[in-house]
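**Student:** Quick one: structure below, then a few questions.
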Amino acid sequence: FLPGCVDKTRAKIVARKVKLFANHGAEDQYGIRTHIGTVTALTMAGDAEVMTAELFDTDEGQHAKRYLEAVQKSGAESGLSIGFHPRAGDWAPKGDNKYGTYDYSEIEMEEISLAPRQAVPGAVFTGVRHQPSAEDVNGVRLLLRGLRTTYGSEQLLALLREEDAL
């Protein structure tokens, strides 16, 4: 997958048209039980694409979230795989592989799947976030008030800007 090969898919992602599946829909052939969310962002980070998705608040989406949290907590690894339509590319001879490799220069993504093993080395799940609860937000407010009292508003803002720049 060459850098930029998903650029034309980005508009589809913004429109929330790229699905998140569990294991490519293996349980029920792309049905309700395996459609667990929607891809909400695909961002370049160095030479990698970082995917963000929103899990549905369904039994299957909650099951996937619990699974990913357990994987994260244990330090284990789970993979990602993609379903796509190739739009452009070419064969390129590489190394010892007598057939070479196919370099995709443009693909149209249909779905990204959580899978026990990634299809491409490095295509791994890296973390789970959650929507902050009212208690979380109040806790942050209390923390900020305490820091502002300790450091003053200007120094606190300077610390936040410095941290944000990292």
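**Student:** Return the residues of the stretch 30-42 that are open to solvent by less than 40 Å² (accessible area, probe 1.4 Å) and at pLDDT 80 or above; say none if nothing qualifies. Give the derivation first.
**Tutor:** Here is the first cut: in the stretch 30-42, the residues open to solvent by less than 40 Å² (accessible area, probe 1.4 Å) are 31, 34, 36-39, 41-42.
Those that are open to solvent by less than 40 Å² (accessible area, probe 1.4 Å) and at pLDDT 80 or above: Thr34, Ile36, Gly37, Thr38, Val39, Ala41, Leu42.
**Student:** Further question on the same structure: Quickly run through the stretch 43-59 and pick out the residues that are buried (at least 17 other Cβ atoms within 10 Å of the Cβ) and touching a residue at least 60 places away in the same chain (Cβ under 8 Å).
**Tutor:** If the condition is that a residue be buried (at least 17 other Cβ atoms within 10 Å of the Cβ) and touching a residue at least 60 places away in the same chain (Cβ under 8 Å), then Met51 is the only one that fits.
**Student:** What tally of residues in the stretch 70-102 results from selecting those that are open to solvent by 30 Å² or more (accessible area, probe 1.4 Å) and either touching a Pro at 6+ places or on another chain (Cβ under 8 Å) or farther than 22 Å from Ala41 by Cα (or both)?
**Tutor:** 18
**Student:** Looking at (1) at pLDDT 85 or above; (2) more than 28 Å from Gly100 (Cα to Cα), which one does Thr9 not meet, given that it meets all the others?
**Tutor:** Tallying (1) at pLDDT 85 or above; (2) more than 28 Å from Gly100 (Cα to Cα), Thr9 fails exactly one: (2).
**Student:** With respect to the numbered conditions (1) under 22 Å from Lys12 (Cβ atoms); (2) more than 15 Å from the chain's Cα centre (by Cα), which one is the sole condition not fulfilled by Met51?
**Tutor:** (2)
**Student:** On to the next question. Could you grab the pairs with beta carbons closer than 9 Å, sequence gap of 6+ or different chains, first residue in the stretch 60-81 and basic (Lys, Arg), second one surrounded by 15 or more Cβ atoms within 10 Å (Cβ to Cβ)?
**Tutor:** If the second residue must be surrounded by 15 or more Cβ atoms within 10 Å (Cβ to Cβ), the pairs left are Lys65/Ile36; Lys65/Leu55; Lys65/Val128.
**Student:** Identify, by number, the condition in (1) in contact with a Lys or Arg (Cβ under 9 Å, 6 or more places away or on another chain); (2) among the aliphatic types (A, V, I, L, M); (3) free of Cβ contacts under 8 Å to residues at least 24 places away in the same chain that Met109 doesn't meet.
**Tutor:** (3)
**Student:** Select from the stretch 75-116 the residues that are of a type in the set (Gly, Ala, Ser), at pLDDT below 90 and over 16 Å from Asn23 (Cβ atoms) and list them in ascending order.
**Tutor:** Hits for the stretch 75-116 are Gly75, Ala76, Ala92, Gly95, Gly100.
The values are calculated or read from the model by the stated rules, or taken from the named source; none is laboratory data. In this text, all values refer to a predicted model and were calculated from it rather than measured experimentally. Please note: Cβ atoms are built from the backbone with ideal geometry, for glycine as well, and neighbour counts cover all protein chains shown. Each accessible area value is taken on the protein alone, full model and side chains, heavy atoms only, with ligands, DNA and RNA left out. Shrake-Rupley method; radii C 1.70, N 1.55, O 1.52, S 1.80 Å.
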